[in-house]
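Novice: I'd like to ask some things about the structure below.
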């Protein structure tokens, strides 16, 4: 018999996430938290899946969904900010590398290697 799992989708600031799994964890071996493993059809920055966590406590269905969405939106914003800063940093490094390569070629010519 094939098991069919329901697909639970949530919108996180225009990024549609699917809740793939839910697990529990103890932070530092002491603080219980619930992990929601999210996947995305379209990458968020450079990620197509990541977990979010909320404290392990009693939630109503409505509060649980609100908590998941709030934490998911927060994580999406963090990932996008990290991605953008990395993109800017990489562009700056590429420019520095080009200038360095130009200097190397110039110095090689000066000493007769180029």
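Novice: Taking region 23-41 as the region of interest, how many residues are under 19 Å from the mean Cα position of the chain (by Cα) and at pLDDT below 95?
Specialist: Going through region 23-41 one residue at a time, the tally reaches 1.
Novice: Something else now. Output yes when any residue across region 61-83 is out of contact with any helix residue (DSSP H, G or I) (no Cβ under 8 Å at 6 or more places or on another chain), under 18 Å from residue 23 (Cα atoms) and surrounded by fewer than 11 Cβ atoms within 10 Å (Cβ to Cβ), and no when none is.
Specialist: Checked against the condition, which is being out of contact with any helix residue (DSSP H, G or I) (no Cβ under 8 Å at 6 or more places or on another chain), under 18 Å from residue 23 (Cα atoms) and surrounded by fewer than 11 Cβ atoms within 10 Å (Cβ to Cβ), region 61-83 yields at least one hit.
Novice: For residue 72, are the conditions met, namely being at negative phi and in contact (Cβ under 8 Å) with a residue 24 or more places away in the chain?
Specialist: Yes.
Novice: Let me ask another. Given region 1-55, what strands (runs of 3 or more DSSP E) lie entirely inside it while holding 3 or more residues that are touching a helix residue (DSSP H, G or I) at 6+ places or on another chain (Cβ under 9 Å) and surrounded by 12 or more Cβ atoms within 10 Å (Cβ to Cβ)?
Specialist: Of the strands (runs of 3 or more DSSP E) lying wholly inside region 1-55, those with at least 3 residues that are touching a helix residue (DSSP H, G or I) at 6+ places or on another chain (Cβ under 9 Å) and surrounded by 12 or more Cβ atoms within 10 Å (Cβ to Cβ) span 15-27, 31-44, 47-55.
Novice: Also, quick follow-up: Condition first: surrounded by 10 or more Cβ atoms within 10 Å (Cβ to Cβ) and at pLDDT below 90. Can you find one or more residues in region 99-106 that meet it?
Specialist: No, because not a single residue in region 99-106 is surrounded by 10 or more Cβ atoms within 10 Å (Cβ to Cβ) and at pLDDT below 90.
Novice: Restricting attention to region 21-58, report how many residues are over 17 Å from residue 73 (Cα atoms) and in contact with a strand residue (DSSP E or B) (Cβ under 7 Å, 6 or more places away or on another chain).
Specialist: Matching residues across region 21-58 total 10.
The values are calculated or read from the model by the stated rules, or taken from the named source; none is laboratory data. Because the structure is predicted, anything quoted here is derived from the model rather than measured. Positions of Cβ are backbone-derived with ideal geometry, glycine not excepted, and every protein chain shown enters the neighbour counts.
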